[in-house]
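The values are calculated or read from the model by the stated rules, or taken from the named source; none is laboratory data. All of these numbers come straight from a predicted model, not from anything done at the bench. No Cβ is skipped: glycine too gets one built from the backbone with ideal geometry, and neighbour counts run over all protein chains shown.
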Amino acid sequence: MTDNRPIGVFDSGIGGLTVLREIWKTVPGESTIYFGDNSRTPYGTKSRSTVIRYSLQNLKFLETKDVKMVVIACNTASAYAYEELKKRADVPVVEVVTPGADVACRSTKNGKIGIIATKGTISTGVYKDAVEKRAEELGMKDIEIFQQACPLFVSLAEEGWWDTEVTRLTAEEYLKPLKEAGVDTLVMACTHYPLLTKVIKEVMGDDVVLVNTGEATAQVVKDLLSREGTASEGNSNPVREFYTSDEPELFEQVAAPFLGEGLPSGTKHFSTDKYEVTV
């Protein structure tokens, strides 16, 4: 059985495009619809109830597009809204936190796991909680978790300064406590950070495993499609649609570096504010 309906992906802006890129790599025959809520970004500074409301509105929009799955490509929305979306959605919902936690627990050898993220994500404790929960499920003991906020990484990624001396110096400063702690696994718990992989790898060293939550999430998507029997088979020309709640032209300009290939064109404007939801 084949199911050619698209996969819906949403984020508060453009960071989620790194997750979308990994989905394209992992399941290249799948059509996708991406919604970037750029006019209301960032979600990280909003209250829990506001993030849930925004996420439910985004879900409603994607469901009008007859998607077969929804991927929350946003850390804050994954932390705050996943359970609510899972209850209300008519299709499977995938978030980005749990997959990264699972890969981190399976990758560590010495039990010392580092987490880098924005201040907002670190303050929620969502990744720390997810790693601890997954470690317990796997019967792992003596897990140590070290968190580090790296707020400037977002600006560096969006500026395209992925491999510059400024970025390297910034990374050395941010990552110094994690190196000193002896972590052997590092979760890049922000969708912008994979763009800085080269520098982060150089600073941390080859012995440290970097966990790209986008890669981990894409694998969950692939496994779920197989399990549900909803994979698109033999689709050599998948559709890739983009929507934003802000200016489409600006979205396409900023999005280009995040995708690398399949640059967005024909992006349409849509405001999900029109949907009334109860939180």
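If only residues of the range 142-158 that are in a loop (DSSP other than H, G, I, E, B) and touching a helix residue (DSSP H, G or I) at 6+ places or on another chain (Cβ under 8 Å) are counted, the one that is modelled with the lowest pLDDT is Pro151.
For Glu228, the requirement of being over 15 Å from the mean Cα position of the chain (by Cα), charged (D, E, K, R) and exposed (fewer than 15 other Cβ atoms within 10 Å of the Cβ) is met. Checking each residue in the range 36-51 for being farther than 16 Å from Ser271 by Cα and either part of a helix (DSSP H, G or I) or outside the structural domain of Glu252 (by TED's automatic domain parsing) (or both) picks out Gly44, Thr45, Arg48, Ser49. Quick one: would you say Glu136 is out of contact with any helix residue (DSSP H, G or I) (no Cβ under 8 Å at 6 or more places or on another chain), without any contact (Cβ under 8 Å) to a residue 24 or more places away in the chain and either more than 21 Å from Thr118 (Cβ to Cβ) or not assigned by TED's automatic domain parsing to the domain that holds Ile116 (or both)? Judged against the criteria, Glu136 is a match. Identify all residues within the range 134-168 that are polar (S, T, N, Q) and surrounded by 15 or more Cβ atoms within 10 Å (Cβ to Cβ); write none if there are none. If the condition is that a residue be polar (S, T, N, Q) and surrounded by 15 or more Cβ atoms within 10 Å (Cβ to Cβ), then Gln147, Gln148, Thr167 are the ones that fit. When restricted to residues that are more than 15 Å from Ala255 (Cα to Cα) and modelled with pLDDT of 95 or more, the range 1-16 contains 4.
All conditions in (1) surrounded by fewer than 21 Cβ atoms within 10 Å (Cβ to Cβ); (2) modelled with pLDDT under 95; (3) of a type in the set (Ser, Thr, Tyr); (4) not assigned by TED's automatic domain parsing to the domain that holds His192 hold for Ser31, with the sole exception of (2). Looking at Val93, Val19, just one residue is at pLDDT 95 or above, under 15 Å from the mean Cα position of the chain (by Cα) and crowded, with 24+ Cβ neighbours inside 10 Å, and that residue is Val19. Of the helices (runs of 4 or more DSSP H) entirely within the range 184-279, those holding at least 2 residues that are touching a helix residue (DSSP H, G or I) at 6+ places or on another chain (Cβ under 9 Å) and farther than 19 Å from Glu173 by Cα occupy 213-228, 248-259.
Of the residues in the range 232-242, at least one is under 26 Å from Val51 (Cβ atoms), surrounded by 17 or more Cβ atoms within 10 Å (Cβ to Cβ) and assigned by TED's automatic domain parsing to the domain that holds Lys87. Checking each residue in the range 256-275 for being in contact with a Lys or Arg (Cβ under 8 Å, 6 or more places away or on another chain) and of a type in the set (Phe, Trp, Tyr) picks out Phe258, Tyr275.
Okay, residues lined up against (1) buried (at least 16 other Cβ atoms within 10 Å of the Cβ); (2) more than 28 Å from Ser155 (Cβ to Cβ); (3) in the same structural domain as Ser123 (by TED's automatic domain parsing):
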{"position": "Ala181", "(1), (2), (3)": "no, no, yes"}
{"position": "Val203", "(1), (2), (3)": "yes, no, yes"}
{"position": "Ser245", "(1), (2), (3)": "yes, no, no"}
{"position": "Gly260", "(1), (2), (3)": "no, no, no"}
{"position": "His269", "(1), (2), (3)": "no, no, no"}
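Scanning the range 183-193 for any residue that is touching a strand residue (DSSP E or B) at 6+ places or on another chain (Cβ under 8 Å) and surrounded by fewer than 17 Cβ atoms within 10 Å (Cβ to Cβ) turns up nothing. Anything in the range 55-99 that is of a type in the set (D, E, K, R) and outside any helix (DSSP H, G or I)? List them, or say none. Once the filter is applied, which keeps residues that are of a type in the set (D, E, K, R) and outside any helix (DSSP H, G or I), the range 55-99 yields Lys65, Asp66, Lys68, Asp90, Glu95. Would you check if Ala171 is at pLDDT below 95 and crowded, with 20+ Cβ neighbours inside 10 Å? So Ala171 does not fit the description; no.
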